[in-house]
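Here's the structure, in structure tokens; my notes come after.
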Amino acid sequence: MKTKQLSPSKRSTLALNQEDLDAAKRNLSEGAVTPALASWSDAICTLLNGALATELVCVLRYKRHHFTAKGISSPPIAAEFMVHALDETRHADRLAERIVQLGGLPDFNPANLLQRSHADYDESTDLKDMIRSNLIAERVAVEAYRQMIVLVSGKDSTTRKLLEEILADEEEHADELSDLLAKE
């Protein structure tokens, strides 16, 4: 197979922006937040605080469901709810760490978690309703993470990677819950 050769006038060049490199030498107290990222850090922290609220609400919902699940088929499902709660806790911790790295403050204020959360809290007592509620929340989280990844792409590759890793977990949770719902 022949490789097409571009004429010198049609070749694109890739070059680092020297102005941004020079700016990175200043304001050392800002750690990893260089001027190119700084213009986006507040907006990214706002997105991440929404994701943090979602993860915290999910932890609370999963734990409630874990402890209140009843019925002959509930023990393995309740155990799965706790596994998911622990996963969501790790997600929340990672999001909080990234918010701090970006110079922001993670918002753990319980008074406004539900307002910032993408997912709902649920007090179902029926096992099938619990599974359905958690599946809905996971699907909402999947969509929210996909949208956040698009929004931060080209602006913050570290946050994008973090969101992609969490998204993979959320997709796995949704698949597991979908399988559980099909069995009930």
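We did not get these values from a lab; they are worked out from the coordinates using the rules stated. Nothing here was measured: the structure is a model prediction, and the numbers come from that model. Every residue, glycine as well, gets a Cβ built from its backbone with ideal geometry; the counts of neighbours run over all protein chains shown.
Taking the chain as a Gaussian network, where each spring joins two C-alpha atoms under 10 Å apart, which residue of S117, S153, S133 fluctuates the most?
S153
Which residue, P76, A96, L113, has the largest displacement toward the positive end of the dipole of the chain when charges sit on each Cβ (Lys, Arg +1; Asp, Glu -1)?
A96
Using a Gaussian network model on the chain with a 10 Å cutoff between Cα atoms, which of Q18, Q147, Q115 fluctuates the most?
Q18
Any chance you could check the Cα centroid distance between the range 167-184 and the range 95-151 for me, in angstrom?
When both Cα centres are located, 16 Å separates them.
Enumerate lysine pairs in the chain that are 8 or more residues apart or on different chains, then count those whose Cα atoms are under 19 Å apart.
Taking the chain as the scope, the lysine pair count is 5.
Report the calculated FRET efficiency for A43 and E172 (r = Cβ-Cβ distance, R0 = 35 Å), to the nearest 0.05.
According to the calculation, E is roughly 0.80.
Using the Cα centre as the reference, give the magnitude of the dipole from point charges on the C-beta atoms of the chain (Lys, Arg: +1; Asp, Glu: -1; all else neutral), rounded to the nearest 20 debye.
840 debye
Of K25, K128, K155, which is the most mobile in a GNM of the chain whose springs link Cα atoms less than 10 angstrom apart?
Among K25, K128, K155, the largest mean-square fluctuation in the Gaussian network model of the chain belongs to K25.
Which value in deg cm²/dmol, rounded to the nearest 500, describes the helix-derived mean residue ellipticity at 222 nm for the chain, given -39,500 (n - 2.57) per DSSP H run of n ≥ 4 and division by the residue count?
About -23500 deg cm²/dmol.
Can you tell me the orientation of helix 127-152 relative to the chain, as the angle in degrees between its alpha-carbon axis and the longest Cα principal axis, to the nearest 10?
Orientation of helix 127-152: about 10 degrees from the principal axis.
Just to confirm the number: angle between the C-alpha axis of helix 35-68 and the first principal axis of the chain, 0 to 90 degrees, nearest 10?
10 degrees
Quick one: what Rg and Dmax do you get for the range 106-177 from the alpha carbons, in Å?
Spelled out, the Cα radius of gyration and Dmax of the range 106-177 are 14.0, 44 Å.
Are there any GluC sites (Glu not before Pro) in the range 48-154 that are in a DSSP loop and have at most 15 other Cβ atoms within 10 Å? List them by number.
Values: sites: E55, E80, E88, E97, E123, E138, E143; in loops: E123.
Counting only loop positions with at most 15 other Cβ atoms within 10 Å, the GluC sites (Glu not before Pro) in the range 48-154 are E123.
Quick one: compute a quarter of the convex hull surface over the Cα atoms of the chain and quote it in nm².
On the way: hull surface 62.8 nm².
Convex hull of Cα atoms, orientation-averaged projection: 15.7 nm².
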